[in-house]
Each structure stands twice: as C-alpha cells, then as structure tokens.
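As structure tokens, the structure follows; a few thoughts come after it.
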Amino acid sequence: TDTKIASKNSSTNYGNNSSLTIDGDPDEAGLFRWDVSAISLGSSVQSVSIELTVTGSSKDSYEVYALHRAWDELSATWQRYASGKNWAGKGASGSGDQQPTVLGQLNASSTGVYRINFNAAGIAAVQAWINDPGQNYGIIIKYYTTSRAVEVSTSEAKTASQRPKLVINYTSPPAARAALVMGSLPPVVEVGPNLTAV
C-alpha cells in the first residue's frame, strides 16, 4: 500500500499512481505500508530492508520514519491522513504523526533497484508491527530540505518486480517451528492387521 503527499497540491491524493516522487522543493513524501500478519506472533526479527525501484535518481539522501497514523491509500493528502482526519502537522510533520527516529536512508544516485537497510530502531519498529499488527502504520520517506527529487515505482506498477518490497529476516517461535516440521512429514495411517477373506 503506498501513495505520496505533496505540499504544492495539498488536497490531491496520488494513491492510484504507478510512481511517486520524494522531494524538498516542493515538499513531497512517500508513504508505504506492507501486511506482515502472516509472520507468526512471537517471531524475532533479525534484519529488515526495503527494496525500491528507482526510475528517477538523485544525489540527495532521504530519511525513513515509522508512521503513527492509520493513513488511507486513496484519501491521504498533504493535509489529511484519511478522509476527514487531519495530520497533526501538514505533511505528517506534527507531534504524533511519526516516530522521530530515523530508521534508514534512501541514497539513489542512479536508476535501478535500491535497498534501504534498517538500523536497530527500524528493526524494533517492524518487530512492534509483528507483535501487534494493529499498530502497523508503515513508513514515510522524506527530506523536506533537499532541492532535488527521487522517483520510485509504486505497488501500482504494471511489472510486479518493480513494486516496493519489504524484506524481513526472522526466526519463528519454537511452537511454530515444531508445527512446520511436523507438517512436513508424510502421514502414517494404522489400519490394523491383515485380514484374509475365505
């Protein structure tokens, strides 16, 4: 799930666009969220990264933050995170809109696939999503003081390999590992002794 929010068109939603720009002149940010509910509760996250297909490069860097608002892909704008619900500060910059700690950085000086490796704070944020999927509000990528834009493909890109990916390395809880092992064995059926018909 992804969209962008843009100061120049503060009431426009971009949820159906196949690409988005992140910029500081004018200010634009990308919002991204992935469903992690398939990962078993109790799993331990070891590492996290995001893979983005960059279609327009930039020499500037852009920062990743965890969001704290239940934004909606088809109604989020610079002013609102969902229909009828305003950000605390325009552009998701207010208190409570996002976590203040940087989780990672996008540096894309040429086009192609780029990986953003999450730091310890980023790993902790994703661990919190797995522990409580209801608190998964995804991330925002922005840098409002830069003067150049970077462009990336979104989940609406026609080519599936170009869509944003969240890569999580984790270990499952012991109970889930045991169930996986047991589930991989062929079934054994006991039907009793052989009988001979006379």
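Here are some notes:
- Residue satisfying condition, being polar (S, T, N, Q) and crowded, with 17+ Cβ neighbours inside 10 Å, within set Thr101, Thr77, Thr111: Thr77
- Of the residues Trp78, Trp34, Trp87, the single one that is closer than 25 Å to Arg115 by Cα and either without any contact (Cβ under 8 Å) to a residue 24 or more places away in the chain or among the aromatic types (Phe, Trp, Tyr) (or both) is Trp34.
- Scanning the range 15-25 for residues that are assigned to a loop (DSSP other than H, G, I, E, B) and within 16 Å of Val150 (Cα to Cα) turns up Asn17, Ser18, Asp25.
- Scan of the range 54-74 for residues that are of a type outside the set (Asp, Glu), in a strand (DSSP E or B), touching a Phe, Trp or Tyr at 6+ places or on another chain (Cβ under 8 Å) and open to solvent by 10 Å² or more (accessible area, probe 1.4 Å), ordered by number: Ser61
- Any chance Lys165 is open to solvent by less than 30 Å² (accessible area, probe 1.4 Å), within 16 Å of the chain's Cα centre (by Cα), charged (D, E, K, R) and modelled with pLDDT of 95 or more: no
- Near pairs, Cβ below 7 angstrom, 6+ apart or cross-chain, from the range 53-73 (over 24 Å from Asp35 (Cβ atoms)) to any residue that is of a type in the set (Asp, Glu): Thr55/Glu151; Gly56/Glu151
- Restricting attention to the range 97-123, the residues being within 24 Å of Ser44 (Cα to Cα), of a type outside the set (Val, Ile, Thr) and either in a loop (DSSP other than H, G, I, E, B) or in contact (Cβ under 8 Å) with a residue 60 or more places away in the chain (or both) number 8.
- On the stretch given as the range 26-47, residues that are farther than 30 Å from Ser7 by Cβ and in a strand (DSSP E or B) total 4.
- Counting the residues of the range 22-53 that are over 11 Å from the mean Cα position of the chain (by Cα) and open to solvent by less than 30 Å² (accessible area, probe 1.4 Å) gives 9.
The values are calculated or read from the model by the stated rules, or taken from the named source; none is laboratory data. A quick note: this is a predicted structure, and the numbers were derived from the prediction, not measured. Here Cβ is always computed from backbone atoms with ideal geometry, including for glycine, and neighbour counts include all displayed protein chains. Note: areas computed on protein heavy atoms with side chains; ligands, DNA, RNA excluded. Shrake-Rupley method; radii C 1.70, N 1.55, O 1.52, S 1.80 Å.
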